[in-house]
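A.B. asks: Take this structure, written in structure tokens, and hold onto it; I'll ask about it next.
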Amino acid sequence: MHLLPMTDAHFAWLLGQSGVDDAPHLPEGGIASRDILDLLRGVAAEVGGEAAWLMVVEGEAVGIVSIKKRDAQGRWDIGYGVAPEREGRGHATAAVAALKRIARAHGARGLTAETLLDSGASPSVLRRNGFVCIGQFDHPEDGMVDQWVVEWTA
């Protein structure tokens, strides 16, 4: 698993708006819907800096992991998704592990994530990466979600 830092040019490429030099291959059907890609592009621009990464395995982009926001405690709130054609192969688990290393190297104090109550494999991805569910809250857009956190000392 290699995390390739995404620029706006990568989002444009995924949306079919332009090409990118040395772009990885894409699975049939792509890695996310246009709506999701547009949303992630906007969030990455808002967060600024390195905020989204392509999950690349053997020259193929299989998903995206990203920072949704950075909080006042020095934690990064993250999200991730894997192409439907590539789910169930451990890619999300490996990507979150790699993002933990990047976060530590950039001085983050931990990561947070939210999962829908019926979110399939996501709770396992987070548990395998040391996250603990600290409760639930009513998200304004998604309804009830579980809140997850993993923290470390500097």
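A.B. asks: Of the residues that sit in segment 46-56 and are among the aliphatic types (A, V, I, L, M) and modelled with pLDDT of 95 or more, which one is nearest to ALA94 (Cα to Cα)? Let's see the steps before the verdict.
C.D. replies: Step one: of segment 46-56, the residues among the aliphatic types (A, V, I, L, M) are 47, 51-52, 54-56.
Still in the running and modelled with pLDDT of 95 or more: 51-52, 54-56.
Details: ALA51: 17, ALA52: 15, LEU54: 12, MET55: 9, VAL56: 11 Å.
Going through the qualifying residues, I end up with MET55.
A.B. asks: I'm trying to understand the selection: among the residues of segment 5-26, which are under 22 Å from THR93 (Cα atoms), in contact with a helix residue (DSSP H, G or I) (Cβ under 9 Å, 6 or more places away or on another chain) and surrounded by 17 or more Cβ atoms within 10 Å (Cβ to Cβ)?
C.D. replies: MET6
A.B. asks: For segment 96-153: of the residues being acidic (Asp, Glu) and either exposed (fewer than 15 other Cβ atoms within 10 Å of the Cβ) or within 14 Å of the chain's Cα centre (by Cα) (or both), which is nearest to ALA52 (Cα to Cα)? Even if it seems obvious, please write down each step before you answer.
C.D. replies: Filtering segment 96-153 for residues acidic (Asp, Glu) gives 114, 118, 138, 141-142, 146, 151.
Adding the requirement that they be either exposed (fewer than 15 other Cβ atoms within 10 Å of the Cβ) or within 14 Å of the chain's Cα centre (by Cα) (or both) leaves 114, 118, 138, 141-142.
Details: GLU114: 17, ASP118: 25, ASP138: 26, GLU141: 22, ASP142: 22 Å.
In this case the residue turns out to be GLU114.
A.B. asks: Is there a residue being assigned to a helix (DSSP H, G or I) and either among the hydrophobic types (A, V, I, L, M, F, W, C) or touching a Cys at 6+ places or on another chain (Cβ under 9 Å) (or both) anywhere in segment 74-92? Working first, answer last.
C.D. replies: Applying the first criterion (assigned to a helix (DSSP H, G or I)) to segment 74-92 yields 84-86, 91-92.
Cutting the leftovers down to either among the hydrophobic types (A, V, I, L, M, F, W, C) or touching a Cys at 6+ places or on another chain (Cβ under 9 Å) (or both) gives us 92.
Yes - at least one qualifying residue is present in segment 74-92.
A.B. asks: To continue, here is another question. Conditions: (1) under 21 Å from LEU40 (Cα atoms); (2) modelled with pLDDT of 95 or more; (3) not hydrophobic (A, V, I, L, M, F, W, C). ASP71 meets all but one. Number of the miss?
C.D. replies: Result: ASP71 fails condition (2) only.
A.B. asks: State whether the residues of segment 53-65 include one that is outside any strand (DSSP E or B), within 22 Å of VAL145 (Cβ to Cβ) and without any contact (Cβ under 8 Å) to a residue 40 or more places away in the chain.
C.D. replies: Quick first cut of segment 53-65, residues outside any strand (DSSP E or B) only: 58-59.
Checking the rest, the ones that are also within 22 Å of VAL145 (Cβ to Cβ) come to none.
Scanning segment 53-65 turns up no residue that is outside any strand (DSSP E or B), within 22 Å of VAL145 (Cβ to Cβ) and without any contact (Cβ under 8 Å) to a residue 40 or more places away in the chain.
A.B. asks: I'm told GLY59 meets every condition in (1) modelled with pLDDT of 95 or more; (2) in contact with a strand residue (DSSP E or B) (Cβ under 7 Å, 6 or more places away or on another chain); (3) within 30 Å of ILE134 (Cβ to Cβ) except one. Can you identify the failing condition by its number?
C.D. replies: GLY59 satisfies every listed condition except (3).
The values are calculated or read from the model by the stated rules, or taken from the named source; none is laboratory data. As the structure is a computational prediction, the values presented were derived from the model and not from experiment. No Cβ is skipped: glycine too gets one built from the backbone with ideal geometry, and neighbour counts run over all protein chains shown.
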